[in-house]
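What follows is a set of notes on a single structure, which appears directly below.
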2 protein chains.
Amino acid sequence: MTDTTDRAAGPRAYQAVLSSIEADLRSGRLNIGDRLPGERTLSEQHGISRASVRDAIRILDVMGLVRTATGSGPNSGTILISDPAAGLSSTLRLHVASRHLPVADIVQARILLETWAATAATTRPIDEPSLARAAELLALMDDPALGREAFHDLDSQFHVLLSTLAGNAVVSAMMESLRLSIMDYVRHAVTTDEQWQPVAQALRHQHHGILDALTARDGDLAARLLGEHIEWFFTETAR
Amino acid sequence: MTDTTDRAAGPRAYQAVLSSIEADLRSGRLNIGDRLPGERTLSEQHGISRASVRDAIRILDVMGLVRTATGSGPNSGTILISDPAAGLSSTLRLHVASRHLPVADIVQARILLETWAATAATTRPIDEPSLARAAELLALMDDPALGREAFHDLDSQFHVLLSTLAGNAVVSAMMESLRLSIMDYVRHAVTTDEQWQPVAQALRHQHHGILDALTARDGDLAARLLGEHIEWFFTETAR
DNA sequence: CGCCTAGTATGGTCGGACCACATTGTTGTG
DNA sequence: CACAACAATGTGGTCCGACCATACTAGGCG
């Protein structure tokens, strides 16, 4: 039960572990930060081999639900985390690679989610600390000596931060995963520094405009600027 | 390195296979419907054990990128498919289970995506066959003798079909995955037939209204009805 | 007391074995 | 010759047992 992703095959051994863990999560017996029993223990508890247990844990790993670490002590073993965007983005990225999810659709979906988030953010109480943090990020990005990787990283943080202002964890996770899924696509689009510098300058300007609109609680303006921002970047780079 | 999901751990053996397959997908050397080499062949090609190869294939499996089948012949082995919603939904479902993605956020995101799709659909050329198919689905759902499982199945098909009218594969995949991720949550909410019958009746009526609006190319109305439809269902069942 | 070492528990990888299954080829029989 | 029954083959699914690298833990030794 609790499985809607059957592939109409024989019951896989690892499903036992997955179902058990899912049930424990729902009931609250397991929580983020908890350590899972060791693989050898689980294999004994469920009466399956350690290999099958590892299948289940590997799945949870790529889903962004656990992290694993070797060694001993409290920081080792399999530990429950919560990184939905990681799991979603890797899935999306592979499907983009298979060319059944067009990059244009990814971009369009991102615009949809982010503009909604911008609008929704202005219907909620003002989150002063987050806005301050956003301004801080923009200030860091204004440094002309900043490397491209660092810029992308800050850029990512900025967009994620804005999307969290809407207070919808699903939208934030999906938006971030969309962004991650086409990140190296973007990285490869602009290759030289000569191409990059003017782009970065434009992005800085756009970012400030967006944040200003949000600070002024003008959701419609923020949404419009954000949409144009994303749209512009992709027509600019993916030509 | 075509890998943005590193967990900052030692290089996993299965990454070799994943990267190779991802590269082959991007370059077009692999396409949907193709058969992957056997696990034993892959393990030899990449110089890793079959167990590690199986890790990679298992990951692709849960992502909805391949299906596996035992036996011999053209329909056996590991075959490339494209089912993004399956991979996304299983990830979402587990994260919902961990209670870090509230069901309310899922519903809100679904409303966002579906209402957008309804609006976007009316800005595109009329897809007569799909609308006819949608009407057909509603007609089937009108049968009062229909079982609940069958109703849910047709319901699902109806919503997915509508979302495809917008012509954005990513939005469709995400919308379907959101739906799947909370499907058994819904199934458990309404338990008895006495509870179910009036709900089904209301859903039928709402569906017809939505389709009528779409057929009349009134995107705003369709979006509004669709939003109310989803909202109503969840406030009705998840009380 | 403090440093160093042996012990222990953990996931990561490997190789090999066997099973269930589906197709294909072969053989025996009518 | 036709065809059914059987054997061979190739596939993923599972299991077992072993060994490794790592990271913490507990003692022993200076």
Report task. Measure off 7 Å from each Cα along the Cα-to-Cβ vector at A:Asp153 and B:Arg35, then give the distance between these two points in nanometres to one decimal. Result -> 4.6 nm
Query raised in the report: Between copies, how close do the B:Trp196 label points come, placed 7 Å along Cα→Cβ, listed in nm from shortest?
Result: 5.8
Report summary line: Here D for the protein assembly as shown, in µm²/s, from Stokes-Einstein with a Kirkwood Rh over Cα pairs at 25 °C and 0.890 mPa s, works out to 103 µm²/s
Report summary line: quick shape note, chain A: Cα extents on principal axes in Å, largest first -> 60, 39, 36
Report task. Give the nm distances, rounded to one decimal, from B:Arg133 to the matching residue in every other copy, measuring between label points 7 Å along Cα toward the beta carbon; shortest first. Result -> 4.4
Query raised in the report: From a point 7 Å beyond the Cα of A:Thr123 in the direction of its Cβ, which residues of the range B:70-112 have a backbone N at a distance under 19 Å?
Result: B:102-112
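Restricting to DSSP H runs of at least four residues, report the calculated mean residue ellipticity at 222 nm for chain A, -39500 (n - 2.57) per run over all residues, nearest 500 deg cm²/dmol.
Numbers: 11 runs with 162 residues, N = 239.
Roughly -22000 deg cm²/dmol at 222 nm, from the helical runs in chain A.
Show me A:103-112, B:16-25, A:203-212 ranked by packing, highest mean number of other Cβ atoms within 10 Å first.
Output ranking for A:103-112, B:16-25, A:203-212: A:103-112, B:16-25, A:203-212.
When the expected Rg is taken as 2.2 N^0.38 Å, what fraction or multiple of it is the alpha-carbon Rg of the range A:21-102?
Details: Rg = 14.6 Å, N = 82, 2.2 N^0.38 = 11.7 Å.
Ratio of Rg to 2.2 N^0.38 Å for the range A:21-102: 1.24.
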Report summary line: Comparing each residue of the range B:103-122 in the complete protein assembly with the chain by itself (heavy atoms, probe 1.4 Å, ligands and nucleic acids ignored), those losing at least 40 Å² of accessible area are B:Asp105, B:Gln108, B:Leu112, B:Trp116
Query - Mean Cβ neighbour count within 10 Å, used as a protection proxy, ranking B:139-151, A:181-193 highest first - result: A:181-193, B:139-151
Query - Solvent-accessible area buried by pairing A with B, both sides, nearest 100 square angstrom, 1.4 angstrom probe - result: 5700 Å²
Report summary line: Computed over chain A, protein heavy atoms only, probe 1.4 angstrom, the accessible area per residue in square angstrom equals 44 Å²
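How would A:Leu92, A:Leu180 rank on accessible area, largest to smallest, probe 1.4 Å?
Working: A:Leu92 5, A:Leu180 35 Å².
So, going from the largest accessible area down, we get A:Leu180, A:Leu92.
For the range A:85-237, with all protein chains present and a 1.4 Å probe, just round the carbon and sulfur fraction of the accessible area to a whole percent. Walk me through the numbers before you get to the answer.
On the way: 3470 of 6090 Å².
On the range A:85-237, the fraction of accessible area on carbon and sulfur atoms equals 57 percent.
The values are calculated or read from the model by the stated rules, or taken from the named source; none is laboratory data. Remember, it's a predicted structure, so these values are computed and weren't measured experimentally. A quick note on method: Cβ atoms are made from the backbone with ideal geometry, for glycine too, and the neighbour counts reach across all protein chains shown. Side chains are part of the model used for accessible areas, which takes the heavy atoms of the whole protein and leaves out ligands, DNA and RNA. Shrake-Rupley method; radii C 1.70, N 1.55, O 1.52, S 1.80 Å.
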